[in-house]
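To start, the structure under review is shown below, and the notes come after it.
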């Protein structure tokens, strides 16, 4: 590895680290990661597959290639192909010529796009594989240990970004649910007091209005609370 290449690798890792701790949307993060990786590796194609645990399959989520074949939604089952193998074994798989690799399943696409050598790297979060990062060259290429280390670091940085984003989303969902619950509880209390309803009757009324008007129970609750607060202000003025 030359000093120039080494500096490029360090710069790429630094850029990816900045992205991981940023507030970008997940799709933007993944797109930037595959683009930076492809550039520093001078790769023909770099793509990223994420595991759908429920369906036990991988979905392609990002690629720097603009070819239509790569932009199509594609899936790979957990037990299939190189992506599945890398995920199961939890270690990188390096292929000198994908057309001669029996386990490589996309030979037709490889011929069409001129893909030759491949590095497939697991994306790990605490010993758990959540995806696979693939890098392809358009000519025979021997990936060095340093390059494999770089790709492994990139893959794990991407995994960290995904985990962080999913955690933020889950946290926001939980917060929204708590806010909704509090508002519904307050609206129930108002209805119980003003209309002399039981708790179940008040809840049923909110739910019925939600269904009839095709709006969320939170929206119904907020309307009940707002109406109550307006009436209180008039009484106090």
The range 208-237: number of residues that are free of Cβ contacts under 8 Å to residues at least 12 places away in the same chain and either assigned to a helix (DSSP H, G or I) or over 35 Å from the mean Cα position of the chain (by Cα) (or both): 19
Within the range 60-90, the count of residues that are at pLDDT 90 or above and either surrounded by fewer than 13 Cβ atoms within 10 Å (Cβ to Cβ) or closer than 13 Å to residue 133 by Cβ (or both) comes to 7
Are there any pairs, at least 6 apart or on different chains, whose C-beta atoms fall under 7 Å, with the first in the range 78-100 and at positive phi and in the same structural domain as residue 151 (by TED's automatic domain parsing) and the second surrounded by fewer than 14 Cβ atoms within 10 Å (Cβ to Cβ) and part of a loop (DSSP other than H, G, I, E, B), and if so, which? 81/103
For residues that are touching a helix residue (DSSP H, G or I) at 6+ places or on another chain (Cβ under 6 Å) and either surrounded by fewer than 14 Cβ atoms within 10 Å (Cβ to Cβ) or modelled with pLDDT of 85 or more (or both), tally how many sit in the range 38-59. 4
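The values are calculated or read from the model by the stated rules, or taken from the named source; none is laboratory data. Not measured: the values here are computed from a predicted model. Note that we place each Cβ from the backbone using ideal geometry, even for glycine, and neighbour counts take in every protein chain shown.
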